[in-house]
1. With a/c under 1.5 counting as rounded, go ahead and sort the range A:84-165 into rounded, prolate or oblate using the C-alpha gyration tensor (a ≥ b ≥ c being the square roots of the eigenvalues; past the cut-off, prolate if a/b is larger than b/c, else oblate).
2. Can you list the residues of the range A:66-96 with backbone N under 14 Å from a point 7 Å past the Cα of residue A:137, pointing along Cα to Cβ?
3. Kindly give the distances from residue B:177 to its copy-mates, label point to label point, with each label point 7 Å from Cα along Cα→Cβ, as nm values to one decimal ordered shortest first.
4. May I ask you to sort B:54, A:78, A:59, A:30 by Cβ crowding, counting other Cβ atoms within 10 Å and putting the fewest first?
5. Kindly provide the pair-distance distribution of the range A:25-79 built from C-alpha pairs, with 5 Å bins from 0 and whole-percent values in order of increasing distance.
6. Determine the calculated [θ] at 222 nm for chain B from helices alone, applying -39500 (n - 2.57) to every DSSP H run no shorter than 4 residues and normalising by the residue count; nearest 500 deg cm²/dmol.
7. Taking just the alpha-carbon atoms of chain B, what radius of gyration and Dmax come out, in angstrom?
8. Which distance in nm do the two modelled labels at residue A:97 and residue A:31 give, with both placed 7 Å along the Cα-to-Cβ direction?
DNA sequence: TGTATTATGGACTGATCATTCTATAATCGA
DNA sequence: TCGATTATAGAATGATCAGTCCATAATACA
C-alpha cells in the first residue's frame with residue numbers, strides 16, 4: 001500500500017451529483033466539479049475516470065437515494081393512494097420551497113442526453129424502470145390488501161405515476177406554483193382512483 | 001437601401017429551431033447553427049443578435065407551431081376526449097417512429113435552463129401557459145356542448161394535460177416504447193371519466 | 001530508514017467555444 | 001456611374017473546455 005486518499009469518495013460523489021443535478025451535464029465543468037468536491041483534476045480522474053463516468057456514478061447514486069425515498073414513502077401505514085398523495089405532496093413542498101429548482105436529476109439527464117448518448121439513455125431508462133417497479137410492487141401489495149381492484153393493471157398504473165411525476169416536476173421547474181402543482185396532482189390521483197377500480201359502474205345521479 | 005439579404009429569415013429560424021431542439025442549447029454550437037442555416041457568423045449576429053436571441057426566437061416559433069397543431073387537433077369534429085386521445089396517439093406515433101428522439105423543445109429548455117436562466121424560464125412558463133390555455137378553451141367549448149360536467153374544473157384539467165403530455169414525452173425520449181406510452185395515455189384519459197364529471201356518484205358493483 | 005507505491009496539486013495541451021472585427025460584395029437612390 | 005448603406009465571408013480573439021502529465025507528497029512495508 002501507499003499514500004492514502006485524503007477524501008471520502010462518498011462525500012465527493014454526493015457533491016458531484018448535486019452539481020450535475022443543478023446545472024446539467026454540459027454546463028458543469030471540471031473546474032466546477034473540482035470546486036465543489038475540493039479534489040484536483042488528477043484525483044478526480046484517478047478515482048472516477050472522467051466527467052462522463054462521474055455523471056454515471058452520480059446518476060447511480062441518485063437512483064439509489066430516489067428508490068429508497070420512494071420505498072420509504074410507500075411503506076408508510078397508509079392506504080397506497082394516501083401514501084402516494086403524501087409523497088407527491090412533499091415533492092411539491094420541496095419544489096415550491098426552492099431555492100434550487102433542480103427538477104429530477106434523471107429527468108434532466110433524459111431531456112439533455114437521451115437519444116444522443118447511448119450509455120446515458122440506457123442508464124436513464126433503467127432508472128425509470130426501477131422506479132416504475134418500485135411503484136408497481138407497492139401497488140401489488142396494496143392490491144393484495146384489497147385497496148386496488150384485482151383486475152387493475154398495476155403495471156400501467158406504475159408507468160402512469162412515473163410519467164406523471166416527471167411531468168409534474170418538469171412543469172414545477174418552470175413554474176413552481178403550489179396551486180398549479182396541486183391541481184395537477186389532484187387530477188392525477190383521480191386518474192389513479194379510476195384506473196385502480198376499473199370495475200366500478202357509473203350511475204348518473206343528480207347532486208343534492 | 002443597400003444590399004439585400006441572401007436568405008429567408010423564416011427558413012433560417014426553422015433550421016436553427018430544429019438544431020436547438022435536437023441537441024439542446026449548450027450543445028448546439030455556432031458552427032452547428034451556421035452549418036444548418038448556411039449563414040455566416042456575421043449574418044447570424046447581424047440578423048438575430050446572437051446564440052441566445054436565436055434560441056428565444058426558435059422557442060417563439062416552436063410555440064406558435066405547437067399552438068397551431070394543438071388547436072387544429074382539438075378543433076376536429078370529435079368529442080373532446082377523442083380529439084385529445086387522437087392528438088396524443090399521433091404524438092406517440094412520432095415518438096415511436098423516431099428517428100430523432102427530440103422530445104418537446106419547450107420541455108427540453110425547461111429541463112436544461114429553467115431556474116438558471118431567468119429570461120428563458122419566463123419564456124418557457126409563458127409557452128406552457130399558452131398551451132394550457134389552448135387546452136382549457138377547448139375544454140370549455142366541450143363543456144358547453146355537454147361533454148364535460150358544468151362544475152368540472154377545466155383549468156385544472158388543462159394543467160394536468162400539459163404536465164401529463166410533458167411527462168409522456170420525456171419518458172418517451174428515454175424509452176420510446178409504444179405499449180408503455182399507450183398504457184400511460186389510457187390512464188391519463190381516465191381524467192375525463194371522473195375528474196371531468198365530479199357530480200357522478202359512484203356505486204360499487206361486482207362484475208358479472 | 002529506505003524504497004516501492006499511490007495520491008495530489010497544478011501546469012500544460014490542443015480543441016472548441018461565442019463573439020468581434022475587417023475586408024469585400026452587392027444593392028440602393030441620385 | 002457613384003457614394004451611401006447593408007450583407008457577407010472568414011479570420012482573429014480570448015475565454016473556457018475536457019483531459020493529460022509531471023513533479024512532489026505521503027504512506028506501507030521491508
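1. Details: a/c = 3.40, a/b = 1.37, b/c = 2.47.
It is oblate, given that a/c is not under 1.5 and a/b is not larger than b/c.
2. Flagged as within label range: A:66-76.
3. Spacings between copies for this position, smallest first, are 3.5 nm.
4. Working: B:54 25, A:78 16, A:59 22, A:30 13.
Least crowded to most crowded, the residues run A:30, A:78, A:59, B:54.
5. 4, 17, 20, 19, 11, 9, 8, 6, 5, 2, 0
6. Numbers: 9 runs with 141 residues, N = 208.
Helix-only estimate at 222 nm: -22500 deg cm²/dmol.
7. When restricted to Cα atoms, chain B yields Rg and Dmax of 20.2, 81 Å.
8. Placing both labels 7 Å along Cα→Cβ, they lie 3.3 nm apart.
Any read-out appearing in this document is the output of simple, stated calculations on the displayed coordinates, not a laboratory observation. Note that this is a predicted model, so its numbers are computed, not measured. In this analysis, Cβ positions are derived from the backbone assuming ideal geometry, glycine residues included, and neighbour counts consider all displayed protein chains.
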